[in-house]
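Following: one structure in structure tokens, then a few remarks.
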Amino acid sequence: DVASAVRFIRNHACEAIGVAAVLEAVATSRRSLERRFRKFLGRGVGEEIRRVRIERARTLLANTETSIAQVASNSGFSEPKHFSTAFRRECGTTPTEYRRQSRISS
């Protein structure tokens, strides 16, 4: 179930899915899937969705000139403000600063 859920998340995280969509795709209870995720991955289903979205955003920021608002949308975030908050919490920097730093190191 965990492998199927992770595949589904990787394929659909940028489509603004939530935990409910993952549960439908895997056909298991939320409690059971959350428990298995924590056991095997050390994080919950929602955290995995957010992790995949942030990774997509990091790639877009480093490799494109796409606006921050469009990066947010392309990464599955409903609002640029939510994206910026989640990105800063996860990466310790703003999306704009991350883009600047990735350009300098390239």
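Between Glu55 and His82, with labels modelled 7 Å along Cα→Cβ, what's the label distance in nm to one decimal, could you check?
Result for the modelled spin labels: 2.1 nm.
Given R₀ = 22 Å, what would the calculated FRET efficiency be for Asn63 paired with Arg43, taking r from the Cβ atoms and rounding to 0.05?
The calculated FRET efficiency here is 0.30.
Hey, rough spin-label estimate for Glu90 and Arg30, points 7 angstrom out along Cα→Cβ, what's it come to in nanometres?
Output for this residue pair reads 2.1 nm.
Of all the Cα-Cα pairs you can form in the range 1-102, what percent are over 18 Å apart?
Percentage above 18 Å: 46.
To check my understanding: the extent here is largest minus smallest coordinate of the Cα atoms along each principal axis. What are those three numbers for the range 37-80, in Å, largest first?
On the principal axes, the range 37-80 reaches 38, 20, 9 Å in Cα extent.
Quick one: accessible area per residue over the chain, 1.4 Å probe, rounded to a whole number of Å²?
Accessible area per residue: 60 Å².
Using θ = phi - 60° and the Karplus curve 6.51 cos²θ - 1.76 cosθ + 1.60, what whole-Hz ³J(HN,Hα) does each residue of the range 2-12 get, with Gly and Pro shown as x?
5, 4, 5, 5, 5, 4, 4, 4, 4, 7, 10
The values are calculated or read from the model by the stated rules, or taken from the named source; none is laboratory data. For clarity, every value in this text was computed on a predicted model and none was experimentally measured. So basically every Cβ, Gly included, is an ideal-geometry build from the backbone, and we count neighbours across all protein chains shown. When the accessible area is computed, the model is the full protein with side chains, heavy atoms only, and any ligands, DNA or RNA have been set aside. Shrake-Rupley method; radii C 1.70, N 1.55, O 1.52, S 1.80 Å.
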